[in-house]
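J.: After the structure tokens below, expect a handful of questions from me.
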Amino acid sequence: MKKRMLILEDGTIFEGIAFGSDEASIGETVFTTGMTGYQETISNPSGAGQIVVMTYPLVGNYGINRDDYESIEPAVNGIVVRELSDEPSNFRSGMTLCELLTMKGIPGIEGIDTRKLTRLLRDKGSLKGILTAAGEEVNVSEIVADVASSKLPTDLVARVSTKKSYPSPGRGERVILIDYGMKHSILRELNARDCDVVVVPYNTSTKEILSLFPDGIVLSNGPGNPEDVKGTVETIKELLGKAPIFGIGLGHQLFALACGARTVKLKNSHMGGNHPVKDLTSGRTELTSQSHGYAVDEASLEGTNLEVTHKALNDNSIEGLKSTAYDAFSVQFHPESAPGPEDSKHLFDRFMNVMKTSSRKENFNA
């Protein structure tokens with residue numbers, strides 16, 4: 001068994017057993033609180049550039065199957081687990097987690113104290129880290145200095161977005177889905193409602209989007225800092241009022257920026273399928289699936305046309321917004337779940353209703 005180390009920028013070292021790819025990898029080290037759903041977590045494009053710590057102690061026990069991917073190419077930079085199951089038992093399993101990571105060039109480490117690591121990240125916030133080989137020849141102090149001075153990539157959306165537009169046909173409303181790192185489950189939910197979907201790259205122009213005659217526009221989830229997605233905010237500004245807009249995850253943050261609000265980095269990323277969120281309109285509390293490290297700054301909403309519709313019950317951060325000037329709303333969490341509870345799928349029905357009843361329908365194709 002090969003030894004591997006996780007070395008954090010603050011000098012903390014965890015030594016364990018290597019699995020997956022033999023490559024070294026630097027990334028933002030974050031933890032997810034989901035008990036299941038590791039395949040969806042690994043393949044969620046919102047995790048691009050991250051080393052993900054699984055807080056549930058046993059990972060890999062039901063293997064990898066063909067149905068639970070959220071993208072074709074996983075974009076995480078590494079996986080950290082307490083115990084890896086390399087003999088999965090599930091009728092859908094087609095390969096082991098280790099086999100998937102090896103095939104996709106993603107390193108993993110097992111056998112470390114993930115509770116200690118999670119407490120460290122909870123107290124200090126996310127830290128840059130590196131997964132690298134262990135051994136006497138490794139110069140730890142030099143690696144710590146390199147990790148601390150390294151810059152996290154700012155082109156994550158460009159890396160995970162589709163390079164070309166493509167259709168996912170239906171006979172209902174025409175929805176343009178702007179791909180900032182789209183989870184496949186968003187597309188599934190729109191297809192289930194017979195939407196005629198066209199998925200377009202993140203940097204598609206306003207003119208190109210409107211030339212597709214949208215009945216509605218979805219701003220997808222995605223990775224990283226919303227302020228790094230250059231040009232997109234201006235495009236969303238130009239699209240407001242042309243068709244109903246539904247923002248999810250990063251799309252929610254970009255929608256807020258387009259309306260004049262600001263975003264801030266969270267001390268602790270929200271990752272997992274068990275985050276309680278209160279719908280301020282209905283008073284209903286829903287358990288939600290989340291994967292984000294930034295949030296909308298509530299103080300910046302003054303003077304905008306935005307109203308808060310959802311709040312996180314764990315830290316009171318904003319989880320949903322709606323515009324008072326346009327047919328547009330957004331949520332920070334993932335209403336399509338995958339992994340996690342399906343409490344919030346009704347938001348897709350709400351979007352369908354907005355498309356069908358919008359007072360601006362006559363202007364959509366102007």
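Where a number appears in this text, it was derived from the coordinates with a stated rule and is not lab data. These numbers come from a predicted model, not from an experiment. Neighbour counts are summed over all protein chains in view; Cβ atoms, including those assigned to glycine, are modelled from backbone coordinates with ideal geometry.
J.: Set the bar at 28 Å for Cα to Cα. Now go through LYS164/LYS242; LYS237/LYS311; LYS124/LYS163 and name every pair that lies beyond it.
T.: In this structure, LYS124/LYS163 exceed 28 Å between Cα atoms.
J.: First select every other residue whose beta carbon is under 14 angstrom from the beta carbon of ALA134; then total the charges, Lys and Arg +1, Asp and Glu -1.
T.: Here the charged neighbours net out to -2.
J.: A further question follows. Which order results if VAL80, VAL138, VAL59 are arranged by neighbouring Cβ count within 10 Å, fewest first?
T.: Arranged by neighbour count, lowest to highest, VAL80, VAL138, VAL59 become VAL138, VAL59, VAL80.
J.: Which of rounded, prolate or oblate describes the range 99-161 when judged by the alpha-carbon gyration tensor and an a/c cut-off of 1.5?
T.: Since a/c stays below 1.5, the shape of the range 99-161 is classed as rounded.
J.: Across bins of 10 angstrom width beginning at 0, how are the C-alpha pair distances of the range 82-215 distributed, in whole percent?
T.: 9, 22, 26, 23, 16, 4, 0
J.: Does anyone have the angle between helix 140-149 and the longest principal axis of the chain? Alpha-carbon axes, 0 to 90°, nearest 10?
T.: 10
J.: Once you wrap a convex hull around the alpha carbon atoms of the chain, what is its projected area averaged over all directions, in nm²?
T.: Hull-based average projected area comes out at 17.8 nm².
J.: Still on this structure, please answer the following. Restricting the calculation to Cα positions, tell me the Rg (one decimal) and the Dmax (whole number) of the range 3-152 in Å.
T.: 14.5, 46
J.: Kindly state, as a whole number, the per residue volume in cubic angstrom of the convex hull around the alpha carbon atoms of the range 157-363.
T.: Expressed per residue, the convex hull around the Cα atoms of the range 157-363 is 108 Å³.
J.: Now a separate question. Please determine, in degrees from 0 to 90 and to the nearest 10, the orientation of helix 346-357 with respect to the longest principal axis defined by the Cα atoms of the chain, where the helix direction is its Cα long axis.
T.: The angle comes out at about 20 degrees.
J.: For SER337, SER211, what's the fewest-to-most ordering of other Cβ within 10 Å of each Cβ?
T.: SER211, SER337
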